[in-house]
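Working notes, beginning with the structure itself.
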Amino acid sequence: PACSMGNSTSRLYSALAKTLSSSAVSQHQDCLEQLDSARLDPIDPKDLLEECQIVLQKRPPRFQRDFVDLKKNAASNHRPIRVMQWNILAQALGEGKDNFVQCPMEALKWEERKCLILEEILAYKPDILCLQEVDHYFDTFEPLLSRLGYQCTFFPKPWSPCLDVEQNNGPDGCALFFLKERFELINSANIRLTAMKLKTNQVAIAQTLKCHETGRLFCIAVTHLKARTGWERFRSAQGCDLLQNLKSITEGAKIPLIICGDFNAEPTEEVYREFSNSSLNLNSAYKLLSPDGQSEPPYTTWKIRPSGECRHTLDYIWYSQHALNVNSALGLLTEEQIGPNRLPSFNYPSDHLSLVCDFSFNPDPDRLL
């Protein structure tokens with residue numbers, strides 16, 4: 001039925017139906033020509049949201065999360081830039097490798113989980129979206145988000161663990177999306193991170209964008225560092241490599257920088273200190289939610305594995321604090337909202353929380369350097 005894309009298909013089911021499953025893609029070459037023309041049709045985000053909600057009828061409603069206003073009376077003369085960071089949990093890993101012992105398999109079904117992920121993105125309407133663990137880029141995120149007006153870039157891991165899972169959907173990787181009506185792409189770099197001179201399985205994307213409204217340039221980067229205890233020095237080396245790359249891309253911080261990522265590192269780790277103390281003059285946006293502005297949130301991921309409960313702060317949005325202001329940040333889910341079985345769940349599609357910040361350019365950045 002995915003091919004019946006004539007007028008008979010209800011408008012409501014149309015956009016999601018066109019995100020063919022990868023197995024379907026090989027069987028429906030004739031459909032792909034239609035798909036390409038379909039990709040060019042813009043979709044109204046409200047229609048897509050409505051479609052998602054129909055698929056999610058039997059699921060509990062989305063949790064309410066509120067933005068916390070962080071403006072220190074800084075008057076900004078332009079519309080803020082909303083940046084969203086999220087490890088969405090690769091489908092193959094959720095089903096095949098991650099062992100979420102309290103999460104029913106039913107909650108991980110892709111057809112529904114996809115809609116929960118889309119619903120979260122559509123709810124916050126980011127200007128720039130940075131995702132990790134994307135293993136449904138070509139059949140879901142690129143076709144839909146390009147029709148919502150985003151320019152889309154994907155860089156898969158060279159040896160993705162998803163490929164070990166039977167019936168996987170290809171490798172996972174990092175993906176970066178920005179709204180073409182707000183920004184122009186000046187340059188783009190896909191970076192394969194090295195550690196101790198060795199190429200690793202972790203990647204980053206860094207793009208220099210020009211903001212149409214202000215004419216200002218800035219660089220946005222997305223990354224996902226090596227996971228697991230025991231790999232702290234390796235993460236530290238990967239972080240150093242990323243910082244070196246970003247120094248040359250931003251001409252030593254002349255171009256403001258925002259880095260989103262799942263660093264797989266608590267704030268006590270060396271890689272966190274490298275970013276904090278870098279010559280790029282970075283601050284972590286989510287520290288600003290703490291009473292003293294100095295401490296990270298208590299968690300950005302919370303799950304239960306066979307070894308027990310894992311509650312960690314691993315996800316960050318770093319930014320050039322001399323050139324950018326954080327106007328607001330999205331509050332995290334409370335323990336009560338997350339519930340006793342933790343994440344992922346019927347309510348929430350990933351084991352990591354999304355982070356969302358609104359940034360504005362500082363009118364006089366050089367004064368603060």
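The values are calculated or read from the model by the stated rules, or taken from the named source; none is laboratory data. None of these values were measured; they are calculated from a predicted model. Here the Cβ is made from the backbone with ideal geometry for all residues, glycine too, and neighbour counts use every protein chain on show. Keep in mind that these areas ignore ligands, DNA and RNA; they rest on the heavy atoms of the full protein, side chains included. Shrake-Rupley method; radii C 1.70, N 1.55, O 1.52, S 1.80 Å.
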Taking the stated definitions as given, is D164 among the acidic types (D, E) and either touching a Gly at 6+ places or on another chain (Cβ under 6 Å) or open to solvent by less than 20 Å² (accessible area, probe 1.4 Å) (or both)? no
Scope segment 123-135; condition touching a residue at least 60 places away in the same chain (Cβ under 8 Å), in contact with a helix residue (DSSP H, G or I) (Cβ under 9 Å, 6 or more places away or on another chain) and either over 16 Å from L353 (Cα atoms) or surrounded by fewer than 19 Cβ atoms within 10 Å (Cβ to Cβ) (or both); matching residues: A123, K125
Could you tell me which of the residues Y286, Y319 is within 25 Å of Q64 (Cβ to Cβ) and touching a Pro at 6+ places or on another chain (Cβ under 9 Å)? Y286
If I filter segment 94-105 for residues that are under 19 Å from C310 (Cα atoms) and touching a Gly at 6+ places or on another chain (Cβ under 9 Å), do I get at least one hit? yes
If I filter segment 339-358 down to residues being among the hydrophobic types (A, V, I, L, M, F, W, C) and open to solvent by less than 10 Å² (accessible area, probe 1.4 Å), which single residue comes out as nearest to L108 (Cα to Cα)? L343
Neighbours by Cβ (under 6 Å, 6+ apart or cross-chain): first from segment 77-93, closer than 30 Å to T214 by Cα; second surrounded by fewer than 21 Cβ atoms within 10 Å (Cβ to Cβ) and of a type in the set (S, T, Y): H78/T214; P80/S360; M84/Y124
Among the candidates D41, D30, D36, single out the residue that is over 20 Å from G331 (Cα atoms), modelled with pLDDT under 95, open to solvent by less than 80 Å² (accessible area, probe 1.4 Å) and among the acidic types (D, E). D41
Show the residue pairs that are 6+ apart or on different chains and have beta-carbon atoms under 8 Å apart, the first residue being within segment 187-199 and closer than 15 Å to H224 by Cα, the second being loosely packed, with under 14 Cβ neighbours inside 10 Å and not basic (K, R). R192/P158; K199/P158
Single residue of segment 131-169 satisfying the filter (in contact with a Cys (Cβ under 9 Å, 6 or more places away or on another chain) and modelled with pLDDT under 95) that is farthest from A206 (Cα to Cα): N168
Considering only strands (runs of 3 or more DSSP E) wholly within segment 170-258, the ones with at least 2 residues that are open to solvent by 20 Å² or more (accessible area, probe 1.4 Å) and either at positive phi or polar (S, T, N, Q) (or both) are 183-195
Whichever residue in segment 259-296 is touching a helix residue (DSSP H, G or I) at 6+ places or on another chain (Cβ under 8 Å) and on the phi > 0 side of the Ramachandran plot and, among such residues, is modelled with the highest pLDDT: N264
Taking segment 328-345 only, how many residues are out of contact with any Asp or Glu (no Cβ under 9 Å at 6 or more places or on another chain) and either assigned to a loop (DSSP other than H, G, I, E, B) or closer than 30 Å to K72 by Cα (or both)? 9
Which numbered condition in (1) of a type outside the set (S, T, Y); (2) farther than 15 Å from V134 by Cβ; (3) modelled with pLDDT of 95 or more is the only one that K114 fails? (2)
Considering only residues that are open to solvent by 30 Å² or more (accessible area, probe 1.4 Å) and not in a loop (DSSP other than H, G, I, E, B), which ones fall in segment 261-273? E270, R273
